[in-house]
Amino acid sequence: MDFLTLIIAFCGGAFGATLGALGAFVFTGIAGLIGITMAVSGASFNFLGNVAFGTYFGPHISFAGGVAAAAFARKMGYIESGKDILKSLSGLKKPSVLVIGGIFGMMGYGLNTGIALLPIKLDTVALTVFILAIVAKVAFGTSGFGEIFGRESEDIKKIGGRYCMRCQNLWLPYMSATCEKTIIGITAGGVSVYLTYLMLQNPETAPVAAFVGFCISAVSLIMMFFGAEIPVTHHITICASYAVVASGGSIWWGFAAAVVAAFAGDFFARTFYCYGDTHVDPPATAIAVVSFVLMTIIPKGVYEAEYIAAGILALTVIYSFICYSQQNKCKIDAAAGEKTA
């Protein structure tokens with residue numbers, strides 16, 4: 001870590017705030033695809049590492065800076081919601097907002113560098129994004145450390161709490177049901193799994209095999225600016241790819257990790273995101289945790305037992321089918337009751 005790079009990280013964080021956190025992340029995906037193309041073409045410049053995941057569009061710098069700047073802007077009354085990561089903050093004409101983005105960009109660079117020195121393996125960028133979001137939530141919230149998990153309303157407590165299936169305070173309402181998470185995990189993860197598997201067969205494409213699905217998922221989020229209710233899948237695609245790489249090329253483990261990541265995203269959304277007014281990114285949190293499990297916790301011998309991964313996938317599909325059947329039965333019974341009344 002050097003002083004010049006720290007200054008450039010400030011610039012990257014402030015620039016991320018001008019674009020808005022989501023806009024900056026879409027550029028991460030675009031730059032990532034360019035970097036992957038350059039890498040497999042034999043370019044000597046590391047565009048993927050220096051631009052897509054570096055001080056320009058690295059999520060730990062540009063996205064984290066945009067998230068913190070939005071939280072600060074909400075605290076100061078410049079915007080209505082600190083979760084509005086689609087909003088370009090340069091339009092506020094408040095330089096202090098961009099400075100906050102820059103400061104968090106510097107923090108992101110320093111924190112990510114420090115985490116990388118730890119004797120554990122995980123996605124350090126994702127963990128940095130999560131930690132900085134928590135810092136912003138506490139710093140710019142109203143109840144100190146109570147902001148971390150937020151407070152449930154009495155109505156939500158009465159129906160069983162934030163993790164209850166009947167709870168309607170959700171991150172993505174169209175990606176919260178058990179069957180929705182399962183099918184999106186299998187399909188989005190599946191294409192990433194197979195592409196990673198294919199790229200690992202070629203020494204020229206193997207070094208960047210884990211990132212193609214992630215970058216495509218990141219670019220797809222541009223549709224949110226047009227109001228499309230598309231699934232958020234970058235935590236699914238990259239965890240699926242990480243599993244294929246960690247297991248030495250197992251497609252079954254890729255599918256299992258994809259489904260686990262889909263459920264983890266919703267779980268962490270209910271834990272850190274839904275209650276409060278700061279964007280604590282559910283995908284980043286899921287990536288940090290699932291990557292840690294895949295790269296550090298699971299021993300190599302377990303990866304050789306592919307039937308475990310197949311069992312995880314099968315049980316998830318069965319559970320999803322049961323939940324879906326029960327939900328439909330409840331709707332039919334409710335409709336019958338209304339007709340009788």
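The values are calculated or read from the model by the stated rules, or taken from the named source; none is laboratory data. This is a predicted model, so every value here is computed, not measured. Cβ: placed from backbone, ideal geometry, glycine included. Neighbour counts: every protein chain shown. Ligands, DNA and RNA are stripped out before the accessible areas are found, and what is left, the full protein with its side chains, is counted by its heavy atoms. Shrake-Rupley method; radii C 1.70, N 1.55, O 1.52, S 1.80 Å.
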Selection status of Ser90, among the polar types (S, T, N, Q), in contact with a helix residue (DSSP H, G or I) (Cβ under 9 Å, 6 or more places away or on another chain), open to solvent by 40 Å² or more (accessible area, probe 1.4 Å) and closer than 15 Å to Phe15 by Cβ: yes
Inter-residue pairs, beta-carbon under 8 Å, first more than 19 Å from Ser291 (Cα to Cα) and β-branched (Val, Ile, Thr) and in segment 117-144, second open to solvent by 50 Å² or more (accessible area, probe 1.4 Å) and at pLDDT below 95, 6+ apart: Val138/Phe145
Qualifying positions in segment 6-59 - part of a loop (DSSP other than H, G, I, E, B) and of a type outside the set (A, V, I, L, M, F, W, C): Gly20, Ser41, Gly42, Ser44, Asn46, Gly54, Thr55, Tyr56, Gly58
Residue, nearest to Gly189 (Cα to Cα), within segment 215-241, restricted to residues that are in a loop (DSSP other than H, G, I, E, B) and aliphatic (A, V, I, L, M): Val232
Test: Ile79 is surrounded by fewer than 23 Cβ atoms within 10 Å (Cβ to Cβ), more than 20 Å from Leu127 (Cα to Cα), of a type in the set (Val, Ile, Thr) and touching a Lys or Arg at 6+ places or on another chain (Cβ under 7 Å): yes
Subset of segment 289-311 [loosely packed, with under 15 Cβ neighbours inside 10 Å and closer than 22 Å to Thr128 by Cα]: Thr296, Ile297
Scope segment 142-167; condition open to solvent by less than 50 Å² (accessible area, probe 1.4 Å) and of a type in the set (S, T, N, Q); matching residues: Ser143
Of the criteria (1) under 24 Å from Glu306 (Cα atoms); (2) in contact with a Ser or Thr (Cβ under 7 Å, 6 or more places away or on another chain); (3) buried (at least 18 other Cβ atoms within 10 Å of the Cβ), which one Leu195 fails: (2)
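Based on this model, can you work out whether Phe267 counts as open to solvent by 50 Å² or more (accessible area, probe 1.4 Å) and either in contact with a Pro (Cβ under 9 Å, 6 or more places away or on another chain) or in a helix (DSSP H, G or I) (or both)? Walk me through it before giving the result.
Numbers: open to solvent by 50 Å² or more (accessible area, probe 1.4 Å): yes; either in contact with a Pro (Cβ under 9 Å, 6 or more places away or on another chain) or in a helix (DSSP H, G or I) (or both): yes.
Yes; evaluated as a whole, the condition is true for this residue.
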First in segment 70-96 and farther than 18 Å from Cys274 by Cβ, second anywhere and among the basic types (Lys, Arg) and in a loop (DSSP other than H, G, I, E, B), Cβ under 9 Å, 6 or more apart: Ala73/Lys87; Ala73/Lys94; Met76/Lys94; Tyr78/Lys94; Ile79/Lys87
